[in-house]
Amino acid sequence: MNRGQLVSLILTTRNEQDVIGKALLSIASQTYKNIEIIIIDNNSKDKTCQIAKKYTKKIFTFGPERSAQRNFGASKSEGKYLFFLDADLKLTKNVINECVELIEENNKIGGIIIPELSVATKFWEKIKAFERSFYNEEGDAITDAARFFSRKVFEKIKGYDEEITGPEDWDITDRVYGSGYLIGKTKSKIYHYERISSLLSLMKKKFYYGLNAHRYIKKQKISLLSS
């Protein structure tokens with residue numbers, strides 16, 4: 001069994017009782033066993049933390065947004081590698097092992113992308129899954145974002161930008177590239193539970209993440225006009 005270096009899995013949560021169990025079970029079922037699980041919960045009112053306690057003692061309350069939660073989680077972690085997850089994700093069994101192998105085989109790799117496959121049952125979830133299918137299945141240089149990082153690189157670029165929520169995954173990936181490192185990509189995949197109940201909930205989600213998009217666009221000097 002490959003135990004290797006310690007990997008810290010950092011999950012941000014807020015009222016995730018419907019999905020957190022699947023995520024944590026998929027982590028516990030990984031072929032790679034040298035891990036720690038850290039939950040950074042933003043004042044959940046449901047059974048999220050109660051479920052999480054079955055898998056880890058490292059549960060902290062912190063907010064207000066995902067980027068700040070992730071940085072706080074990193075500060076509480078001990079691993080050589082950091083793996084940032086959302087509660088609505090489910091890992092296939094070899095994800096962590098493949099990430100560690102990739103990053104240890106090439107010291108120029110600072111972050112790793114894990115392709116995501118949508119899990120959708122309701123109508124609007126299927127609409128969102130159809131949208132994702134244009135870029136997630138084969139990958140896309142614009143929308144792909146890293147989740148797995150070397151701690152050394154993560155600390156060098158000072159983690160997630162806490163002024164950005166939504167595009168923060170793209171921003172940190174851009175900064176890994178900008179600091180002179182490569183981004184790897186696994187063959188193993190993650191399942192993403194869409195959880196969209198209506199058109200209104202989809203629009204609210206798009207609006208929420210769009211609120212900070214201008215900060216990312218300005219920071220990365222992205223032109224809104226095509227040439």
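Taking the Cβ of Ser29 as the center, what net charge do the other residues with Cβ under 13 Å away carry, scoring Lys and Arg +1 and Asp and Glu -1?
On the way: positive: Lys22, Lys33, Lys90, Lys93; negative: none.
The answer is +4.
Are any of the pairs Lys152/Lys187; Lys90/Lys189; Lys156/Lys187 more than 18 Å apart by Cα-Cα distance, and if so, which? Intermediate results must be reported in sequence, preceding the final value.
Working: Lys152/Lys187 24 Å; Lys90/Lys189 9 Å; Lys156/Lys187 27 Å.
The pairs that break the limit, which is 18 Å between Cα atoms, are Lys152/Lys187; Lys156/Lys187.
Here the spin labels are modelled as points 7 Å beyond Cα on the Cα-Cβ line, and at Lys158 and Lys45 they lie 3.6 nm apart.
For region 1-104, the fraction of 1.4 Å probe accessible surface lying on carbon and sulfur atoms is 47 percent. Classification of region 1-92 by its C-alpha gyration tensor yields an oblate form. The axis ratio a/c (a ≥ b ≥ c) is 1.5 or more, and b/c is at least a/b.
The values are calculated or read from the model by the stated rules, or taken from the named source; none is laboratory data. All figures in this text were calculated on a predicted structure; none of them were measured in a lab. Positions of Cβ are generated from backbone atoms using ideal geometry, with glycine treated the same way; all protein chains shown enter the neighbour counts. Side chains are part of the model used for accessible areas, which takes the heavy atoms of the whole protein and leaves out ligands, DNA and RNA. Shrake-Rupley method; radii C 1.70, N 1.55, O 1.52, S 1.80 Å.
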